[in-house]
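These notes concern the structure reproduced below.
The values are calculated or read from the model by the stated rules, or taken from the named source; none is laboratory data. Please read all numbers here as calculations on a predicted model, not as lab measurements. Here Cβ is always computed from backbone atoms with ideal geometry, including for glycine, and neighbour counts include all displayed protein chains.
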Amino acid sequence: MKEIILEKLNQIEDLEQRRMLRDIMSSVFTGLIDYQEQANQTLEERIFNEIPDEGQKSVLYFAVSPRDQIDPIDDFLYPVFPEEAAEPQFDLKEMAEKLAAHETVPLFPIFLECPYPKICELLNSPRLYQGELVTTTGKYPIQIKLEPSLKYAGEIERLYQVFQRNGIPWKTVNNPYANKFFEVGLTGFETAIEPLGDSEVKEISFDLGEFEPYKKSNVILLWNIERLLLKTSGYPVPALDNVNFEHPVAIAKYGTEHQYLVDEDEQSVKYISRSAEELTVVAPEQRNGMWHILKITQPGVDMKKYPFPVLSNQRKTGFITGFAQKQGNVIHTKGEIIRLVNVFTDTADFELLGITILDRRDGQYHTYDCNHFIIDDIRVANDKKVLRLQFKTARPEDFLRYDLLSFLVSEVQRYFPEYDCVGELI
């Protein structure tokens, strides 16, 4: 406004009138303009602060790392299964017993650093691979097979149930690494193993043929969840229903910037409330007890480097994002779909090019549902039309590109359950 007034004053040719008007404007209107601009700024900040993005504490991060590069004192990322941090141990006698019973002997997981279509190719062509077992007494040829590792997907599904019991809204998890893990199973020896006696396993090697360049052994999946076992920090008091008891659990010393979830079954916990420094667990048990707590750790300012990219479902902060989450209403428009796919920080390289509604799938799509465990009991899948989303990416050679695409499509699927959403890279 000041600039406009100055421009108008400079257009006055009579210098005396220009001087008089300038003095008047400086003494009267300039103060009003400053006051109005300050009031507008205060109102804008107040509106924006009234709608914070409450989901920032629940952001989930994932990465993979070689076992020997895991930092045991890292306070951000932890192994999804803590027992995987130790080297696997093998018992030859137990192996022989399982093989004699025609059972497959589980050995260890491997990671395949390849795009999702290659994973599908491997799944669609199961086969046996040749390998070698090296012991303290010699080398023995073996046969192994690969099975998709489902335990990581199962842990995400279990985490979804924990979110539901804690009353925390669920957001699609961006975990592109989970479906690239395979369990290695020993199917048999090509020679008798009885003479091995008490020998110990030194090494197990095998060749995956055309998939060998993608193989990564001794790789572990990490996430930003720390498991805690906390005791009731005070005396349980009767709840308002006069049936259950309120158990306070102090969390302030672990950091109030993080999210905390109570990981107990529905029979043990009836309700959970939270404040900045304390969880209140409402349970039928009166005695002081220990509670399994999941701490969703958020990264610090100086996050360390990891061998593989750290990916998350972090959303861009802003008024529109916070307002949309607070309203909970979905506007079924193309603009809403564009907003949904552009809100994540780790998929900024993806650009939505087209949206098409089809009567049925017209080909094979290399995307999968990241929320497959959320069941829609109302709509029949066969009756749904297909919502095809076409993208392009600035990283066409990234081995995670189809997994990141699946993450975006799965998020759209959450808001548009009446469609069968699929994605395509072009």
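Within region 185-195, is there a residue that is in a strand (DSSP E or B) and touching a Lys or Arg at 6+ places or on another chain (Cβ under 7 Å)? Walk me through it before giving the result.
Taking region 185-195 as the starting set, the residues that turn out to be in a strand (DSSP E or B) are 185-189.
Now drop any that are not touching a Lys or Arg at 6+ places or on another chain (Cβ under 7 Å), which leaves 185, 187.
Yes, region 185-195 contains a residue that is in a strand (DSSP E or B) and touching a Lys or Arg at 6+ places or on another chain (Cβ under 7 Å).
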| field | Positions within region 89-102 being surrounded by 15 or more Cβ atoms within 10 Å (Cβ to Cβ) and either in a loop (DSSP other than H, G, I, E, B) or at positive phi (or both), in sequence order | value | Phe90
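Does Glu277 satisfy being in contact with a helix residue (DSSP H, G or I) (Cβ under 6 Å, 6 or more places away or on another chain) and surrounded by fewer than 14 Cβ atoms within 10 Å (Cβ to Cβ)?
Details: in contact with a helix residue (DSSP H, G or I) (Cβ under 6 Å, 6 or more places away or on another chain): yes; surrounded by fewer than 14 Cβ atoms within 10 Å (Cβ to Cβ): yes.
Judged against the criteria, Glu277 is a match.
Quick check on my filter: what residues within region 216-241 are of a type in the set (Val, Ile, Thr) and either outside any strand (DSSP E or B) or crowded, with 16+ Cβ neighbours inside 10 Å (or both)?
Quick first cut of region 216-241, residues of a type in the set (Val, Ile, Thr) only: 219-220, 225, 232, 237.
Listed by number, the residues that qualify are Val219, Ile220, Ile225, Thr232.
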| task | Considering (1) more than 26 Å from Glu200 (Cβ to Cβ); (2) assigned to a loop (DSSP other than H, G, I, E, B); (3) touching a residue at least 12 places away in the same chain (Cβ under 8 Å), say which one Ile156 fails and leave the rest. | result | (2)
| Inside region 299-327, can you point out the residues that are closer than 24 Å to Val341 by Cβ and modelled with pLDDT of 85 or more? | Pro299, Phe308, Pro309, Val310, Leu311, Ser312, Asn313, Gln314, Arg315, Lys316
| query | How many residues are under 14 Å from Phe163 (Cβ atoms) and not in a strand (DSSP E or B) when one looks only at region 242-273? | reply | 4
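Every residue in region 165-180 that is within 16 Å of the chain's Cα centre (by Cα) and either assigned to a helix (DSSP H, G or I) or within 22 Å of Ser217 (Cβ to Cβ) (or both), please. Show your work before the answer.
Pass one, region 165-180, residues within 16 Å of the chain's Cα centre (by Cα): 168-180.
Across region 165-180, the qualifying residues are Asn175, Pro176, Tyr177, Ala178, Asn179, Lys180.
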